[in-house]
Protein chains: 2
Amino acid sequence: MRNVAILGVGMTDFGRLEDDTLMDILSSASIHAIDDAGIDPKLIDLVYVANMGGGILNHRTAIASGLVDNIGLIPAAADTIENGPASGGSAIKDGVMAVASGYYDFVLVVGGEKMRDVTGWRATDFVATLTHPDAEYIYGITLPGMAGMFANLYMEKYGYTRRHLAEVAIKNHKNALMNPYAHVQMDIAMKGIIDSPDAVVNNSPLAEPLHLFDSCPVSDGGAAIILCPEDRVKEFNKPVICVAGFGQATDTLTLAERDDPTDLKAVTLACEQAYKRAGITAKDIDFAELHDAFTILEIAEAEHAGLYKKGGYKKSIESGDNKITGSLPINPSGGLKSRGHPVGATGVAQAVEVTWQLRGEAGKRQIKNPRTALTVNFGGFGNNVVALVLRREK
Amino acid sequence: MRNVAILGVGMTDFGRLEDDTLMDILSSASIHAIDDAGIDPKLIDLVYVANMGGGILNHRTAIASGLVDNIGLIPAAADTIENGPASGGSAIKDGVMAVASGYYDFVLVVGGEKMRDVTGWRATDFVATLTHPDAEYIYGITLPGMAGMFANLYMEKYGYTRRHLAEVAIKNHKNALMNPYAHVQMDIAMKGIIDSPDAVVNNSPLAEPLHLFDSCPVSDGGAAIILCPEDRVKEFNKPVICVAGFGQATDTLTLAERDDPTDLKAVTLACEQAYKRAGITAKDIDFAELHDAFTILEIAEAEHAGLYKKGGYKKSIESGDNKITGSLPINPSGGLKSRGHPVGATGVAQAVEVTWQLRGEAGKRQIKNPRTALTVNFGGFGNNVVALVLRREK
């Protein structure tokens, strides 16, 4: 089994990309990653596209085949990988195995979504197609609704308040102001709001106890990485950033069937697998990109990943340890909350941010000299989770 | 890199499965394969679902996550793989790499489609979503239309007649009469038609020169295999059927952009890759399952796979060498033409048929003592093709 490195990374702006099709978005992110790697595109022998909504949102299939044509990668093999909002993490895992197995040497993994081709309730309905069709979807449950129910239980059990949620939102919005790719970085307007925790607490309700600022936006965007064997990175004169470990685990499709709906078992299992494969423990993690589609999820994932005990993240929120300047920064990119959440892109975008941070290329939001990082890509409502441990090797 | 074997196989009936949802179909095929392998489901650590139309046809996403819950495989990792009509082949390739890499030991690959949730033109429109959106789809091109244009060029260049196409249809319908899983096996009605080549030649036109009997039906159905390391097959007392090689290659999305639209380069490249990895040449193939969504494709693929020279398959048609009793049987299952074509299932169903044949379990349609077989799973209109070489090792 070969060790696998991230040779190049790139992404598009996240936000409302009115002039771009899904294919434009995937192509642009891919080209940025190819340029960053400094690789001859002819060397790329496999492409994985992470995408969830090509069919429902864009009425397209087989987009991986279109992409290799559009950006000149024929005759590379190409498939689309879908695992709901964790499609990006799954595609990276599959790319890692393709290189580790020895079958392929240079794998482009690109995630993208064009969600704003539909408007209003249709975007929420689209995401809800990942719920149980007979036990959830037909009753009108949506992901914000699930997150609200989950938040009620979690906050009561572990002593969180709306103010804790607001502080997560404020931190991530502040981080996003330093991320030029972020969707929500409306400097003046956002600064006026996020400088006032009360304003964030009191904005419009979404699904109680969650309010508008507890939720990620609906975004267009793409992100891409190039994977290769660790021992070939030196040919390209790039820093050696390895996928030291990955983990993936599933749980019941419905929240209702879990013994304890506040226990995100798949997050814990996926992280434990990733740590074990990387030969580390949670204590070795220097920073993390977590899947904060809702503020409550940053809290719950930080705790289920073993970075904190259950209920323990509130101390980090209160002390500011989760800030870029803290001892364990969480979501320096701004997270899904503020960078945005084009669902197929998200898991890849997490790896892009981590790579930039590990290389020391994160600009104003650079964390001081990190070596090992965790990403958690949360599919469904925690029913299919992918975790990655990325590490700077030299 | 570990050698990878097919431990178990199973499939549902193909046809109009009115009482089954997509999840029912995937679950049923999976359970048949698990039963055939004789494996404790807890050993399955990864699931790949091959599906193309969950979003557009069934308004569902993240079906892999639902499947592991539905059939009791939690916490196994699970993703959906989509590569148009070659989704099944792609998912097998990805499963092979997962086992070869050493990351996973027992991988369930299940393909399925519930196409008849939509009716009439919507099924054809769905498949057309794999075409180029600006250069093809908006002008109303469909896959039958493409196949018709291709057939005109190919038949003129290589001297094929409508009678040759009809003979392919007749052969595959006769084979399907011996396949209890096949969609089109209406014994009496079919026998009346397929005993008369003139009746097949003269049935209703579809896209000239192709007529109704040159096309596969629109089918529901599922097929599944269990992959494992070759050296673990003996624990289960099963024959050792290995994925000796796979290949995958892409070509231009549009037919119009190819230097020679009759040259299916991706078929040739994918087969050459698969032969090379298996350490064989086309001469070593004992029989093949080809992607005859249209009769012309069986002809063109047999020739592009190197089983015959260009134009050479007509001798096999005329002599009957491509029949089950011939020296190089093609589509003993009945092919897509008669077994049916639930798109996500097709590539997996090809591997299921080949496994049955290599084990000697193919009943009335059993080929005499085959050892090495080829499958060709044709995505798009030949723009993304997956080939597999399967071999009985002992």
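Sorted shortest first, the distances from the B:ALA282 label point to those of the same residue in the other copies are 5.8 nm; each point sits 7 Å from Cα along Cα-to-Cβ.
Secondary structure note: in chain A, about 70% of the DSSP beta bridges are antiparallel. Oblate is the label for region B:113-236. Its Cα gyration tensor axes, ordered a ≥ b ≥ c, give a/c of at least 1.5 and b/c at or above a/b. Available extension along the chain between A:SER327 and A:LEU43 is 98.3 nm, counting 0.36 nm per residue and deducting the alpha carbon span. The modelled label-to-label distance for the pair A:LYS364/B:THR124, using points 7 Å beyond Cα in the direction of Cβ, is 5.6 nm. Counting Cβ atoms of other protein chains within 10 Å of each residue's Cβ and taking the mean over peptide A:48-55 gives 4. Rounded to 0.05, the FRET efficiency of the B:ASN203 and B:ALA282 pair, given R0 = 30 Å and the Cβ-Cβ distance, is 0.35. The rotation axis that maps chain B onto chain A passes nearest to the beta carbon of this chain B residue, listed with its distance in whole angstrom: B:GLY55, 1. Can you give me the angle between helix A:295-304 and the longest principal axis of chain A, using Cα atoms only, in degrees from 0 to 90, rounded to the nearest 10? With both axes taken from Cα atoms, the answer is about 70 degrees. The count of lysine pairs in region A:72-209 with alpha-carbon distances below 27 Å, taking only pairs 8 or more places apart or on different chains, stands at 6.
Highest average first, the peptides A:164-174, B:334-344, B:317-327, A:235-245 ordered by how many other beta carbon atoms sit within 10 Å of their residues are B:334-344, A:164-174, A:235-245, B:317-327. Counting Cβ atoms of other protein chains within 10 Å of each residue's Cβ and taking the mean over peptide B:246-257 gives 4. Across the identical copies, the 7 Å label point of A:ASP198, projected outward along Cα→Cβ, sits 9.4 nm from its counterparts, in ascending order. Dividing the summed -39500 (n - 2.57) terms of all DSSP H runs of n ≥ 4 by the residue count of chain A sets its mean residue ellipticity at 222 nm at -11000 deg cm²/dmol. Summarising the strand pairing of the protein assembly as shown, around 70 percent of its internal DSSP beta bridges are antiparallel. By definition, a body whose alpha carbon gyration tensor gives a ≥ b ≥ c is rounded when a/c is under 1.5, and region A:268-393 falls into this rounded group. Using only Cα atoms and rounding to the nearest 10 degrees, what angle (0 to 90) does helix A:162-176 make with the longest principal axis of chain A? For helix A:162-176, the angle is close to 30 degrees.
Close Lys pairs in region B:289-394, defined as Cα atoms under 26 Å apart and 8 or more places apart or on different chains, number 21. A Förster distance of 41 Å, applied to the separation of the beta-carbon atoms of A:THR161 and A:ARG16, puts the FRET efficiency at 0.80. Computed from Cα atoms, the angle from the helix A:265-278 axis to the main principal axis of chain A rounds to 40 degrees.
Listed values for region B:351-362 are Karplus-derived 3J(HN,Hα) couplings in whole Hz (6.51 cos²θ - 1.76 cosθ + 1.60, θ = phi - 60°), namely 5, 5, 4, 4, 4, 4, 5, 5, 7, x, 10, 8, and x replaces Gly and Pro.
Other residues lying with their Cβ under 15 Å from the Cβ of A:GLU167 contribute a combined charge of +1, Lys and Arg counting +1, Asp and Glu -1. In this Cβ point-charge picture (+1 for Lys and Arg, -1 for Asp and Glu), the protein assembly as shown has a dipole of about 1620 debye about its Cα centre. When +1 charges are put on Lys and Arg Cβ atoms and -1 charges on Asp and Glu Cβ atoms, the dipole computed for region A:179-318 relative to its Cα centre reaches about 480 debye. Shape class for the protein assembly as shown, computed from the alpha carbon gyration tensor (a ≥ b ≥ c): prolate, with a/c not under 1.5 and a/b above b/c. Backbone amide hydrogens, once placed in the peptide plane, bring A:LEU206 within less than 5 Å of A:HIS211, A:LEU212, excluding anything fewer than 5 places away on its chain.
With label points defined 7 Å past Cα in the direction of Cβ, position A:ASP259 shows copy-to-copy spacings of 6.4 nm, given to one decimal and shortest first.
Charge tally around B:ALA182: other residues with Cβ under 9 Å, Lys/Arg +1 each, Asp/Glu -1 each, net 0.
Peptide A:267-276 has a mean shielding of 1, counted as Cβ atoms of other protein chains within 10 Å of each residue's Cβ.
All of the numbers you see were taken from the coordinates with simple rules; none came from a lab. This structure is a prediction, so every number in the text was calculated from the model and none was measured. We place every Cβ from the backbone using ideal geometry, glycine too, and count neighbours over all the protein chains shown.
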